[in-house]
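Heads up: the structure comes next, in structure tokens.
The values are calculated or read from the model by the stated rules, or taken from the named source; none is laboratory data. Quick caveat: nothing in here was measured; it's all calculated off a predicted structure. Methodologically, a virtual Cβ is constructed for each residue, glycine included, from the backbone with ideal geometry; neighbour enumeration extends over all protein chains shown.
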Amino acid sequence: MISRRRLLQLGAAAALSGRSVRLYAAPPSGPRFLLVFLRGGYDATSLLIPYSSGFYYEARPNIAIAKPDPNQAAGALALDANWALAPAVRETIGALYRAGQVAFVPFAGTEDLSRSHFETQDSIELGQPLAAARNFRSGFMGRLAETLTGGERDAAPISFTDALPLAFEGTAPVPNLSLKNLGKPPFDDRQARILTEMYSGHRLESAVSGGLELRHEVAREMADEMRTSGRDSINTKGFELEAERMGVLMRDKYRIGFIDVGGWDTHVGEGAAQGVLAANLGSLGRGLQGFSQSLGAEWHNTVVVVLSEFGRTFRENGNRGTDHGHGTVYWVLGGGIHGGVIAGEQLAVNRRTLFQDRDYPVLNDYRRVLGGLFRTMWGLSADQCTKVFPQAAPTDLRLA
Amino acid sequence: MPTFVRLLNVARPMGIARIGSMAGIGGIAAVLVLGAVGCATHPTGAQAKLARPDAAAGVLPLLHREDVLWLGRVSFGLDAASVADYRRLGREKFLERQLHPRGPALPEPVAVRLAAADPGAGAAGEEMRGDAAARIAAVNAARKSIYALPEGSEREAARKAMNDRGNRVAYAAIRRELLRAVYSQDQLEEQMVWFWLNHFNVYQHKAEIRWVIGDYAEVAIRPHALGLFRDLVLATLEHPAMLQYLDNQQNAAGHVNENYARELLELHTLGVNGGYTQQDVQQLALVLTGAGIAGENPPKLKPELQGFYVRRGAFEFNPARHDFSRKTLLGRSIPGEGFAEIEAAVDLLTRQPACARFIAGELARYFVADDPPPALVDRMAQTFMRTNGDMAAVLRTLFLARELDAALGSKFKDPMRFVVSAVRFAYDGPVITNTRPLLNWLNSLGEAPFGHQTPDGYPMTELNWASAGQMSRRFEIARSIGSGSAGLFDADDGSAKGESGFPQLSNRLFFEAVEPFLTANTRNALGRASSQQEWNLFLLSSPDFSYE
């Protein structure tokens with residue numbers, strides 16, 4: 001196995017050359033996909049609570065979330081006889097779930113067992129078979145964009161991040177821009193032209209021209225949004241504001257997007273119904289709700305998947321937190337999905353079913369789950385599915 | 001060569017122009033033409049090498065493109081003093097001085113400013129003074145007294161006041177490191193301090209870390225930056241910043257937390273493919289049980305444990321929290337001996353060939369190339385093994401390698417190098433008073449000091465810093481630096497406005513070490529600039545300035 005950095009070095013120069021960043025004018029309607037990557041390994045057990053398991057309450061004496069109580073409007077929300085949703089997202093994600101627009105896939109993840117954040121994030125973003133030598137120039141979102149580029153299914157990819165994530169590595173051009181802090185476009189046309197020409201023939205040429213153009217385009221888009229929308233975005237901030245802006249851009253211009261959210265590595269004092277983790281989940285839930293609203297009618301064409309590199313230990317550790325684990329819970333959201341279900345292969349949650357007496361097992365491989373979603377969303381052929389996720393037969397969870 | 005640039009050449013070498021418009025430039029143009037006639041060092045256009053030695057310094061070797069680029073790697077970027085030293089000493093002697101700094105390295109105005117800027121000097125708040133141990137104790141005491149207040153506005157005000165003090169303390173630490181990076185003569189040491197702060201990353205916004213980041217940089221990192229790797233590992237292991245950041249202060253027998261143990265193996269010493277297993281992580285976590293931060297009073301220990309207690313500054317090894325079982329690490333048996341186990345484990349890890357290769361590779365990636373030549377990494381790893389991890393020796397191997405010469409000019413500057421090199425170049429004369437603009441630029445470019453949340457530190461390759469979005473952001477920063485409106489000469493606390501005016505980048509340093517080697521594209525862009533500020537923007541945005 002070669003490390004990510006090592007391989008990044010090998011191909012950096014080669015890949016930067018000849019890859020031109022192009023801005024897209026997406027047709028007004030059609031499938032859209034957003035990947036939300038929770039970096040740090042979020043504690044899925046405090047999001048989707050296995051409340052029918054007595055073992056859950058034994059394993060987490062300090063950080064378990066109380067069983068749903070039908071008389072309590074603010075506690076955990078029972079989703080079925082076994083699973084409940086964290087109080088922190090009850091009003092947002094819970095409401096979408098009840099509207100059939102959210103599904104959860106427990107026991108999801110990757111076979112990567114390094115339990116290293118960085119190693120596992122990389123391997124998920126690359127989406128390649130674990131046994132093979134890794135190609136760090138090729139991420140699964142990049143391969144999806146390559147598969148969809150050309151014709152009516154044009155991918156129109158964008159990454160809402162300061163840097164381009166590994167997931168989007170590949171030959172398809174992908175612009176990136178964080179929507180956290182947006183000012184006026186910095187340069188007039190003449191300056192932008194001179195700056196671009198300075199890089200003419202240089203390996204950064206397309207990054208330079210694409211970056212300058214995208215800033216102008218987003219500024220125009222946001223100016224329109226401010227004029228046409230009655231929504232007051234002054235009160236939204238952080239991820240919520242970003243997510244709303246993402247919704248507008250994906251409604252009008254882009255088809256596949258990527259965003260990452262950090263702050264999930266809760267080794268110490270993660271809290272329960274309230275606390276650090278609950279606050280992060282709350283913000284995420286409000287952001288995704290805002291995203292769904294700002295997409296307007298396109299929400300019905302949109303699928304969002306929320307995932308994280310791994311789950312955390314099923315038992316709390318000595319510091320009322322949790323350590324790096326294995327299986328996790330994926331979220332699938334969308335206006336047109338067949339949601340309101342807990343999807344995929346499942347097991348009863350007890351001590352015997354834990355992986356290595358420590359973590360959730362992985363029963364639903366991320367490559368097969370995402371491959372199944374993509375196949376349905378875009379009607380991909382078997383060959384196209386194989387291109388995006390080599391050696392992974394798509395699983396149809398009947399969600400999209 | 002564009003007339004515009006030629007005219008500006010001698011306007012105010014090393015100084016700051018106070019002209020703010022094209023009209024102003026036009027107005028002084030006639031005077032400048034006269035001045036230029038007698039200017040011996042005036043350049044004549046594109047040349048591969050500088051044609052004339054510096055008259056004032058006697059007959060000195062010519063500066064070649066390789067010299068300038070090599071100097072750019074050893075330092076955070078050229079300034080007039082480093083160029084003069086290099087020409088006087090030659091490459092090997094210059095390198096020896098950089099590998100064995102003798103101080104004092106800071107120009108007096110900077111040293112004076114740093115001394116005056118200590119927020120502990122005369123300010124309220126015990127937690128802002130002294131070493132890490134004193135600060136941690138004072139922070140705990142302050143928190144206690146705040147919690148003792150009844151809920152309400154008084155408590156809220158006290159909490160806010162403490163928070164403000166914490167921000168000031170963190171900023172003072174960042175300011176210190178930034179001023180050193182810009183103005184210290186010991187530029188290699190400064191780069192190594194930055195490199196190790198990144199390698200042994202801590203995040204100021206976790207727990208109480210911001211109160212001690214200055215101590216972490218100055219006490220745990222700086223003294224060992226060019227020293228023995230083993231000492232560096234042990235110094236970071238014992239520092240309260242790291243103990244909080246990776247949770248080892250919580251790691252105790254029966255309450256094992258393996259966070260630090262894992263990253264000590266994966267990120268600090270061996271690398272993710274360094275040949276350790278999950279079992280090694282768990283065993284190392286047991287070795288590290290009991291290593292934490294000293295409390296107000298020493299723990300009450302049973303007599304048989306008292307001999308195992310260790311206290312060094314804010315660090316404490318508490319044998320009552322330690323797992324004394326026998327461990328096996330990397331196949332080696334470690335008997336339960338308390339703190340001695342930790343020293344044995346650090347010795348074991350830092351003597352692994354995997355560790356030598358990992359550290360050599362990281363250094364070469366930072367200083368040589370995104371994809372460092374394997375033969376060079378091998379030689380550096382051999383030096384590491386031979387010298388027990390002596391960083392000065394490893395870096396000598398690196399900086400005298402022919403592989404480095406071959407890689408010159410193609411390393412993309414990460415934001416820290418970009419911002420610091422631009423400020424070194426643009427504000428070479430008058431010492432800036434306010435480092436907040438630098439911090440804002442680094443924030444905006446995504447590489448704030450002590451601002452990386454995860455323990456992997458910032459990445460070091462072009463791929464991570466040169467995306468479409470990052471390039472346009474970089475140009476915005478280039479404009480801020482070149483337009484002089486950023487407030488670098490304001491008072492640090494915002495209380496007073498200083499001089500404004502844009503820097504004169506077309507200065508002597510430019511003509512001596514930059515202009516002769518410019519590419520045609522950049523020359524062309526500079527020729528189209530309609531003002532000095534715009535000229536500055538184009539130069540700082542150019543591929544020539546983005547790479548070293």
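Please count how many residues of region A:197-208 are at the interface with another protein chain (Cβ under 8 Å from one of its Cβ atoms) and either in contact (Cβ under 8 Å) with a residue 60 or more places away in the chain or of a type in the set (Ser, Thr, Tyr) (or both).
Matching residues across region A:197-208 total 5.
Inspect region B:281-295 for any residue being exposed (fewer than 15 other Cβ atoms within 10 Å of the Cβ), over 33 Å from the mean Cα position of the chain (by Cα) and not in a strand (DSSP E or B) and give the result as yes or no.
So far as region B:281-295 goes, no, none of its residues is exposed (fewer than 15 other Cβ atoms within 10 Å of the Cβ), over 33 Å from the mean Cα position of the chain (by Cα) and not in a strand (DSSP E or B).
Among the candidates A:GLY100, A:GLY109, A:GLY127, A:GLY139, single out the residue that is within 30 Å of A:VAL341 (Cβ to Cβ), among the small types (Gly, Ala, Ser) and within 13 Å of another protein chain (Cβ to nearest Cβ). Break it down into steps so the answer makes sense when it comes.
Working: A:GLY100 fails: within 13 Å of another protein chain (Cβ to nearest Cβ); A:GLY109 fails: within 13 Å of another protein chain (Cβ to nearest Cβ); A:GLY127 fails: within 13 Å of another protein chain (Cβ to nearest Cβ).
A:GLY139 is the lone residue from the list that is within 30 Å of A:VAL341 (Cβ to Cβ), among the small types (Gly, Ala, Ser) and within 13 Å of another protein chain (Cβ to nearest Cβ).
For B:GLU154, work out the one condition from (1) in contact (Cβ under 8 Å) with a residue 40 or more places away in the chain; (2) assigned to a helix (DSSP H, G or I); (3) over 17 Å from the mean Cα position of the chain (by Cα) it doesn't fulfil.
(1)
Under the condition of being within 18 Å of the chain's Cα centre (by Cα) and assigned to a helix (DSSP H, G or I), which residue from region B:361-388 is nearest to the other protein chains (Cβ to nearest Cβ)?
B:ARG365
For region A:167-190: of the residues being at the interface with chain B (Cβ under 9 Å from one of its Cβ atoms) and outside any loop (DSSP other than H, G, I, E, B), which is nearest to A:PHE239 (Cα to Cα)?
Looking at the filtered set, the residue picked out is A:ASN176.
Looking for whichever is more than 16 Å from the chain's Cα centre (by Cα) and touching a residue at least 60 places away in the same chain (Cβ under 8 Å) here; the options are A:PRO175, A:PRO165, A:PRO157. Which one fits? Don't jump to the end; show me each part of the working.
On the way: A:PRO165 fails: more than 16 Å from the chain's Cα centre (by Cα); A:PRO157 fails: more than 16 Å from the chain's Cα centre (by Cα).
Of the residues listed, the single one that is more than 16 Å from the chain's Cα centre (by Cα) and touching a residue at least 60 places away in the same chain (Cβ under 8 Å) is A:PRO175.
Name every residue in region B:148-170 that is in contact with a Lys or Arg (Cβ under 8 Å, 6 or more places away or on another chain), farther than 20 Å from B:ILE293 by Cα and of a type outside the set (A, V, I, L, M), in order of residue number.
B:ASN167
When the residues of region B:510-522 are narrowed to those that are of a type in the set (Val, Ile, Thr) and assigned to a helix (DSSP H, G or I), which ends up farthest from the other protein chains (Cβ to nearest Cβ)? Break it down stepwise before answering.
Within region B:510-522, the first condition is being of a type in the set (Val, Ile, Thr), and the residues that meet it are B:514, B:519, B:522.
Pick out the ones that are also assigned to a helix (DSSP H, G or I) and you get B:514, B:522.
Values: B:VAL514: 15, B:THR522: 6 Å.
Ranking the qualifying residues of region B:510-522, first place goes to B:VAL514.
For region B:67-96, give me the residue count where each residue is closer than 23 Å to B:MET460 by Cα and either among the basic types (Lys, Arg) or in contact with a Cys (Cβ under 8 Å, 6 or more places away or on another chain) (or both).
1
Going through region B:326-360 one residue at a time, which ones are surrounded by fewer than 23 Cβ atoms within 10 Å (Cβ to Cβ), in contact with a helix residue (DSSP H, G or I) (Cβ under 7 Å, 6 or more places away or on another chain) and either within 14 Å of chain A (Cβ to nearest Cβ) or in a loop (DSSP other than H, G, I, E, B) (or both)?
B:LEU330, B:GLY338, B:ARG357
State all residues of region A:262-313 that are in a loop (DSSP other than H, G, I, E, B) and aromatic (Phe, Trp, Tyr); if no residue qualifies, say none. First the steps, then the outcome.
Taking region A:262-313 and keeping what is in a loop (DSSP other than H, G, I, E, B), we get A:262-275, A:295, A:309-311, A:313.
Once the filter is applied, which keeps residues that are in a loop (DSSP other than H, G, I, E, B) and aromatic (Phe, Trp, Tyr), region A:262-313 yields A:TRP264, A:PHE310.
When you scan region B:528-538, do you find a residue that is in a helix (DSSP H, G or I), at pLDDT 90 or above and away from every other protein chain (no Cβ under 14 Å), even just one? Spell out how you get there, then give the answer.
Initially, region B:528-538 is screened for residues in a helix (DSSP H, G or I), giving B:532-538.
Still in the list and also at pLDDT 90 or above: B:532-538.
Pick out the ones that are also away from every other protein chain (no Cβ under 14 Å) and you get B:532.
Yes, that holds for at least one residue.
Restricting attention to region B:479-508, report how many residues are at pLDDT 90 or above and of a type in the set (A, V, I, L, M, F, W, C).
Looking only at that region, the number is 1.
So which of B:ALA525, B:ALA491 ends up being within 14 Å of chain A (Cβ to nearest Cβ) and hydrophobic (A, V, I, L, M, F, W, C)?
On the way: B:ALA491 fails: within 14 Å of chain A (Cβ to nearest Cβ).
Result of the check over B:ALA525, B:ALA491: B:ALA525.
Can you say whether B:GLU151 is modelled with pLDDT of 90 or more and out of contact with any strand residue (DSSP E or B) (no Cβ under 6 Å at 6 or more places or on another chain), as far as the supplied structure shows? Even if it seems obvious, please write down each step before you answer.
Numbers: modelled with pLDDT of 90 or more: no; out of contact with any strand residue (DSSP E or B) (no Cβ under 6 Å at 6 or more places or on another chain): yes.
Here the answer is no, as B:GLU151 does not meet what is asked.
Which of the numbered conditions does A:GLY296 fail, given that it passes all the others? Conditions: (1) surrounded by fewer than 20 Cβ atoms within 10 Å (Cβ to Cβ); (2) within 14 Å of chain B (Cβ to nearest Cβ).
Tallying (1) surrounded by fewer than 20 Cβ atoms within 10 Å (Cβ to Cβ); (2) within 14 Å of chain B (Cβ to nearest Cβ), A:GLY296 fails exactly one: (2).
Can you spot a residue in region B:459-472 that is in a helix (DSSP H, G or I), more than 8 Å from chain A (Cβ to nearest Cβ) and at negative phi? Don't jump to the end; show me each part of the working.
First, the residues of region B:459-472 that are in a helix (DSSP H, G or I): B:462-465, B:468-472.
Then drop every residue that is not more than 8 Å from chain A (Cβ to nearest Cβ), which leaves none.
Within region B:459-472 (the criterion being in a helix (DSSP H, G or I), more than 8 Å from chain A (Cβ to nearest Cβ) and at negative phi), the answer is no, since none of the residues qualifies.
Only residues that are within 14 Å of another protein chain (Cβ to nearest Cβ), part of a helix (DSSP H, G or I) and either under 16 Å from the mean Cα position of the chain (by Cα) or hydroxyl-bearing (Ser, Thr, Tyr) (or both): list them for region B:202-251, please.
B:TYR245
Evaluate the following for B:LEU439: is it under 22 Å from the mean Cα position of the chain (by Cα), within 30 Å of A:GLN121 (Cα to Cα) and away from chain A (no Cβ under 14 Å)? Don't jump to the end; show me each part of the working.
Numbers: under 22 Å from the mean Cα position of the chain (by Cα): yes; within 30 Å of A:GLN121 (Cα to Cα): yes; away from chain A (no Cβ under 14 Å): yes.
In short, yes.
Would you confirm, using the coordinates I've provided, whether B:VAL256 is surrounded by fewer than 22 Cβ atoms within 10 Å (Cβ to Cβ) and modelled with pLDDT under 95?
Numbers: surrounded by fewer than 22 Cβ atoms within 10 Å (Cβ to Cβ): yes; modelled with pLDDT under 95: yes.
Yes, satisfied.
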